[in-house]
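Below is one structure, written out as structure tokens; comments come after it.
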Amino acid sequence: MSHSAVDLSAVPAHVACVMDGNGRWAAQRGLPRTAGHEAGLDALFGAVDGALEIGVQWLTVYAFSTENWRRPREEVRFLLDFNRLNLAARRHEMHQRGVRLRFIGGRDRRLPRRLLAEMDTASELTAANRRLTLTVAFNYGGRAELTEAVRKIVASGAPPGDISEATIRANLATPDMPDPDVLIRTSGEYRLSNFLLWQVAYSEMVFLDVLWPDFSREHLFEAVAEYRRRERRFGGLDQ
């Protein structure tokens, strides 16, 4: 599918992606899992290209979960170094294209200082861009985000009767980020895996039987077209 088949007057403002299947993609080809992550990065920037092409304003991707620390030490070390190096290599390209880079997730001692420094540099460089906001969830978990929000609310001394959904939203990692209109998960799996648990309450879910490294802008366009075929009622009734 080309972008010409997408109704550009009705493109979702916010698309979220669970980028799943890098390891299986590599295993099918007799390659190390790291090769799958390398191919997955190309797919990510292909998705960015597609989002820019059709006018998506927010793209949020699940890059490294709080559960991913359980993976083999060598793979975790590769992911940390790989992401740091690619941030350094790609941040100016993203800046030139009007992409604002943001990062959500824990900033604990397990993350190397050099990686955190690259995240901060990329965020600062692109802070004024508004063509597309690319939010990278790294060392992120939806339950951890909600737990931290509760901690901040309790620490503020807010009376229980004053706590509302708006209070919780204001204490999430990205209070200004609109909820995803559509969430895409690749690799044929049908679960959220602890991603944006609060934000996807009314998101449309599109599950694709394609491994993330094979994900292309055409798959993005197909997911957007599927989203447009659905009727969103947000708990209400047809009029």
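Computed over protein heavy atoms with a 1.4 Å probe, the carbon and sulfur contribution to the accessible area of the chain reaches 49%. What does the charge add up to near ARG24, with Lys and Arg as +1, Asp and Glu as -1, over the other residues with Cβ less than 11 Å from its Cβ? Here the count lands on -1.
What does the extension gain come out to for ASP42 and LEU85, with contour length at 0.36 nm per residue minus their alpha carbon separation?
14.1 nm
The gain in end-to-end length when the LEU125 to ARG97 segment is fully stretched comes to 8.9 nm, 0.36 nm per residue minus the alpha carbon separation. Mean sequence separation of contacting Cα pairs (under 8 Å, at least six apart), scaled by the length of the chain, corresponds to a relative contact order of 30 percent.
Measuring r between the beta carbons of VAL154 and GLU75 and using R0 = 41 Å, the FRET efficiency lands at 0.70. Entry comment: accessible area of the chain is 51 Å² per residue, from protein heavy atoms only and a probe of 1.4 Å. Measuring r between the beta carbons of ARG228 and ALA144 and using R0 = 30 Å, the FRET efficiency lands at 0.35. For ASP214 and GLU165, a Förster radius of 45 Å and the Cβ-Cβ distance give a FRET efficiency of 0.75, rounded to the nearest 0.05.
The values are calculated or read from the model by the stated rules, or taken from the named source; none is laboratory data. Just so it is clear, the model here is predicted, and its values are computed rather than measured. Cβ: placed from backbone, ideal geometry, glycine included. Neighbour counts: every protein chain shown. The accessibility values were calculated without ligands, DNA or RNA, using every heavy atom of the protein model including side chains. Shrake-Rupley method; radii C 1.70, N 1.55, O 1.52, S 1.80 Å.
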